[in-house]
Amino acid sequence: MAVMDEKRRAAEAALAHVTDGMTLGVGTGSTVEIFIDLLTEKMAADKMSLVCVPSSFATGHRLRAAGFRVECLTSISTLPLAIDGADEVDSHLALIKGGGAALLREKIIAEAAQEFIVIVDQGKLVSRLGVKMPVPVEVIPPALSLSLERIRELGGTPKVRQAHLKAGPVITDNGNFILDVTFPEITDASQLDSYLITIPGVLETGLFPHQASSVYVGTDSDVKRLVK
Ligand code: 5RP
């Protein structure tokens, strides 16, 4: 499939930033899964060793299965490099993330990273955040009703994300709900992020206005690098 080739091209480009012995933050999603597969091959071929810090249970499981040493986020305050996917990328490298419901740990990793490299297929590029993807917001269960009301007051239309293979809502790795919030227009992602975060019980949003250092975009024949 063409889009998988695009993801692979972006993932391949990011590999060059990984060096022997480093502690690497690893995000979540299908592009990151491709990246982990390529990284596994590179580690074996170059006889490198790494410590990986995953942003989700799913990524940690995949990394362990591939033979990587995995360290818990709890003991990490800084990382030289982290690699992750995104759901939307605008021309200022602001992102929407959280399609895989891992946004809280993804943001901790992105903030801890000295360099945060994003890998996407070209379908993720948007003229303005929010045009294709609602903003995911992670909310602790007791704050559900309050946060739905406060988000509506901010002009958003929230929906509690539903699970596919179980009845009821998606439960994140942290035991919380995800609200997918549509806004008529996102003109200032930083400001919207700040407003949402002040609602009691909102833990994190999928708006990443400034975290990305660079973005590799896989196209149908090539890969391009967007830098701030
Ligand atoms: C998970 C994420 C992912 O990075 C995002 O959803 C992109 O996923 P994919 O690489 O499968 O398109 O933010 O919470």
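Throughout, read-outs are computed from the coordinates displayed, never taken from laboratory work. Computed from a predicted structure; not experimentally measured. Here the Cβ is made from the backbone with ideal geometry for all residues, glycine too, and neighbour counts use every protein chain on show.
Can you find even one residue in segment 22-41 that is surrounded by fewer than 17 Cβ atoms within 10 Å (Cβ to Cβ), more than 21 Å from VAL223 (Cβ to Cβ) and among the charged types (D, E, K, R)? No, segment 22-41 contains no residue that is surrounded by fewer than 17 Cβ atoms within 10 Å (Cβ to Cβ), more than 21 Å from VAL223 (Cβ to Cβ) and among the charged types (D, E, K, R).
Considering segment 169-201 alone, what residues qualify as being farther than 23 Å from VAL131 by Cβ and assigned to a strand (DSSP E or B)? Correct list: PRO169, PHE177. Within segment 65-110, being of a type in the set (Val, Ile, Thr) and within 16 Å of the ligand (Cβ to nearest atom) holds for ILE83, VAL89, ILE96, ILE108, ILE109.
Consider segment 42-57 and keep the residues that are part of a helix (DSSP H, G or I) and of a type outside the set (A, V, I, L, M, F, W, C). The one that is surrounded by the fewest Cβ atoms within 10 Å (Cβ to Cβ) is ASP46.
Looking across segment 152-168 at every residue that is more than 18 Å from ASP193 (Cβ to Cβ) and touching a Leu at 6+ places or on another chain (Cβ under 9 Å), the one that is surrounded by the most Cβ atoms within 10 Å (Cβ to Cβ) is identified as ARG161. Regarding LEU63, is this residue assigned to a helix (DSSP H, G or I) and over 17 Å from the mean Cα position of the chain (by Cα)? In short, no. Can you tell me which residues in segment 111-132 are near the ligand (Cβ under 10 Å from one of its atoms) and buried (at least 19 other Cβ atoms within 10 Å of the Cβ)? Within segment 111-132, VAL118, ILE119, VAL120, ASP121, LYS124 qualify. You will find that of ALA143, ALA94, the residue that is touching a residue at least 24 places away in the same chain (Cβ under 8 Å) and under 27 Å from MET22 (Cα atoms) is ALA94 and no other. Mind checking whether some residue in segment 146-164 is closer than 21 Å to GLY100 by Cα, touching a helix residue (DSSP H, G or I) at 6+ places or on another chain (Cβ under 7 Å) and assigned to a loop (DSSP other than H, G, I, E, B)? No, because not a single residue in segment 146-164 is closer than 21 Å to GLY100 by Cα, touching a helix residue (DSSP H, G or I) at 6+ places or on another chain (Cβ under 7 Å) and assigned to a loop (DSSP other than H, G, I, E, B). Among the candidates GLU185, GLU149, the residue that is free of Cβ contacts under 8 Å to residues at least 40 places away in the same chain, more than 19 Å from the chain's Cα centre (by Cα) and surrounded by fewer than 17 Cβ atoms within 10 Å (Cβ to Cβ) is uniquely GLU149.
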